[in-house]
Amino acid sequence: DLVAPPAGSAMRRRDFIFGAGTSSYQIEGAAHEDGRLESIWDRFCATPGKVLRGENGAVACDHYHRLNQDLDVLKRLGLDAYRFSIAWPRVMDAAGRPNPKGIDFYKRLLDGLGQRGIRAFVTLYHWDLPQHLEDKGGWLNRETAYRFADYADLMSRELAGHGDVAAWTTHNEPWCSAYLGYGDGHHAPGLANPRWAAQAMHHLLLGHGLTLPALRANAPQALHGIVANCAPGYADSDTPADRDAAHLFETYQNRWVLDPLLKGEYPADLWRYWKGCEPLVLAGDMDIIRRPIDYLGINYYSRAVLRSKGPDTIDWVRHPDVERTTMDWEVYPQGLQDLFEAFKRDYANLPPLYITENGMSSHDKVNGAGAVDDLQRQAYIKAHFAACSRAMDKGVDVRGYFIWSLMDNFEWAFGYERRFGLVHVDFETQQRTLKRSALAYADFLRERAAAP
Ligand code: GBH
């Protein structure tokens, strides 16, 4: 019974949503079919030296062609909800007109979920910007925010009446899009300047706010919100300098995104860390960005430990003797509780939370008996269930938990080597094998469904 919340946990309430997630570029493949345009990730992967072993998402899990099989896997798991993203380059042509073939894929996906009684959490942007928009400046260009609102309007109209969409998400992890994409260049489009990261963030958040009226009008029954990747920062020592380093880390990692959304302002400390990098903000922008949201999705993986490296400069500390994943991220469940309790203290208007991603990568292999013994993942999930339960006991309003990921997939700059799935994928044969963690999760969900 490894993958289950503790007895008596508030997570065992029947209305708590359990799910798993994926994203379009990481699983779909079919990168050149049915009128799909080039995305910034196709271009980035084709640039030598950007992705481990030069891998790309051209085939990935071939999910585009294996939709029904993957829907049946979701059904076998017994999930309440499935979180996926729409590939913007699949559903609109370069003139902004709808591409019916691409849109049809998502209609079939939602219909298939609906037939199986699985609710949908639909993300509009999980990093695959159409390349033609990047050619005009991408998220550095304010126009992209307006094009994003057009795209959101189109998709929420087109998909109305298909399946049961519980929630729309504007952006997955704007921090990653802005910082990894435009600030340090580890992700597409591979640009590296903190001033650009700050401007890209502003336009990403503006795009988020601009979409909300259309989403609400076209999908009045669904919840509307955004997903942020957050991590708590701990000072390496109790000195004021190290405590300030931890504070600056949380400003750059969490408050850079959450303060504009929930307080309508960028945290002033951020410009202590990135001197002179303030974005251009037009009158009225912050009111658009702070439009009320129904929920906040948090992707939680690990913590950071920080020390001061001089005034307004921080240094990441790597503790040698702690458990790590194959991403080299520390396993630190307590951080989830600490983070959520801090949010509750810091934001008077904190909306209900969903853990929209949590999980780990490991070197999983199918053994001679045809099974995948991912014991470390089962323990990881169980420990994070317990941390989430403790936060709920302290009054934090958490409504759902999604494991990242449904299946092994294209792990961005790390290619196919890092495996986050509940389901193992053999990338030669496209064979899916439920790992032990998936079987244990399914057992828990079946028991819960049977309980009075
Ligand atoms: C998510 O991003 C993505 O949404 C998803 O597509 C991706 O597959 C998944 O996570 C796994 O990577 O070095 O310990 O300080 C996660 C964003 C940003 C979280 C970097 C971890 C560094 C952790 N990540 N962060 S650590």
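The values are calculated or read from the model by the stated rules, or taken from the named source; none is laboratory data. Treat the numbers as computed from the prediction; the structure is a model and nothing was measured. Here the Cβ positions follow ideal geometry from the backbone for every residue, glycine too, while neighbour counts run over all protein chains shown. Protein only, heavy atoms only, side chains kept; ligands, DNA and RNA dropped before computing areas. Shrake-Rupley method; radii C 1.70, N 1.55, O 1.52, S 1.80 Å.
Structural remarks
- Residue tally, condition within 16 Å of the ligand (Cβ to nearest atom) and open to solvent by less than 50 Å² (accessible area, probe 1.4 Å), over region 302-321: 7
- Qualifying residue in region 17-32 (condition: closer than 30 Å to residue 135 by Cβ, in contact with a Leu (Cβ under 6 Å, 6 or more places away or on another chain) and touching a residue at least 60 places away in the same chain (Cβ under 8 Å)): yes
Residue by residue, here is whether (1) on the phi > 0 side of the Ramachandran plot; (2) modelled with pLDDT of 95 or more; (3) in contact with a Gly (Cβ under 9 Å, 6 or more places away or on another chain) holds:
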residue	(1), (2), (3)
368	no, yes, no
371	no, yes, no
378	no, yes, no
384	no, yes, yes
401	no, yes, yes
408	no, yes, yes
415	yes, yes, yes
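- Qualifying residue in region 409-427 (condition: open to solvent by 40 Å² or more (accessible area, probe 1.4 Å), within 16 Å of the ligand (Cβ to nearest atom) and over 22 Å from the mean Cα position of the chain (by Cα)): yes
- Residue 121 vs. criteria open to solvent by less than 10 Å² (accessible area, probe 1.4 Å), in contact with a Ser or Thr (Cβ under 8 Å, 6 or more places away or on another chain) and under 26 Å from residue 76 (Cα atoms): yes
- Test: residue in region 266-279 that is touching a strand residue (DSSP E or B) at 6+ places or on another chain (Cβ under 8 Å), open to solvent by 50 Å² or more (accessible area, probe 1.4 Å), not hydroxyl-bearing (Ser, Thr, Tyr) and not in a helix (DSSP H, G or I): no
- If you check 166, 120, 198 for being away from the ligand (no atom under 16 Å from the Cβ) and part of a helix (DSSP H, G or I), only one passes: 198.
- Checking residue 251 against (1) in a helix (DSSP H, G or I); (2) crowded, with 18+ Cβ neighbours inside 10 Å; (3) in contact (Cβ under 8 Å) with a residue 24 or more places away in the chain, the condition it does not meet: (3)
- Residue in region 331-361 that is nearest to the ligand (Cβ to nearest atom), counting only those that are touching a strand residue (DSSP E or B) at 6+ places or on another chain (Cβ under 6 Å) and not in a loop (DSSP other than H, G, I, E, B): 357
- Selection of first residues in region 66-84 that are buried (at least 19 other Cβ atoms within 10 Å of the Cβ) and hydroxyl-bearing (Ser, Thr, Tyr) and of second residues that are modelled with pLDDT of 95 or more and assigned to a helix (DSSP H, G or I), restricted to Cβ pairs under 8 Å at least 6 apart or on distinct chains, gives the following pairs, ordered by first then second residue: 82/74; 82/113.
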